[in-house]
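Contents: one structure, followed by commentary.
We did not get these values from a lab; they are worked out from the coordinates using the rules stated. Quick caveat, the model's predicted, so the values are computed rather than measured.
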Amino acid sequence: MNEDVPGKGGAGTSGDVAYRLCPRCLRAVPLHSREQYCVNDGARLLEGCPRCGEPITSPYAHFCARCGEALSFRVDNDADSYFRRST
Ligand SMILES: [Zn+2]
Ligand SMILES: [Zn+2]
């Protein structure tokens, strides 16, 4: 028996796309892309919210849709640690 049972979901995965987001320049790449690091600045791309893990479903997202966490680096903290040189 080789019946072709129709699946429930089908092949269409509309509305199920997610993105990786660069925390530095907020550049988005599709999750199925092989990019792990931003080609602009070398920052490791976020696969989801750093706080709650919510996937990034919009390439224009700057904040988590679930908990409101900023998806970009805090410039103050980043600059602070950058200029804090250990002697
Ligand atoms: Zn970037
Ligand atoms: Zn979140």
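Fully extended, how many nm does the chain gain between Cys52 and Glu69 (0.36 nm per residue separation, minus their Cα-Cα distance)? All intermediate terms of the calculation are to be shown ahead of the outcome.
Values: separation 17, 0.36 × 17 = 6.12 nm, distance 0.84 nm.
Between Cys52 and Glu69, full extension yields 5.3 nm more.
Leu46's amide H: which non-local residues (gap 5+, or another chain) put their own amide H closer than 5 Å, with H modeled 1.01 Å from N in plane and none for Pro or chain starts?
Residues meeting the amide H criterion: Leu21, Cys22.
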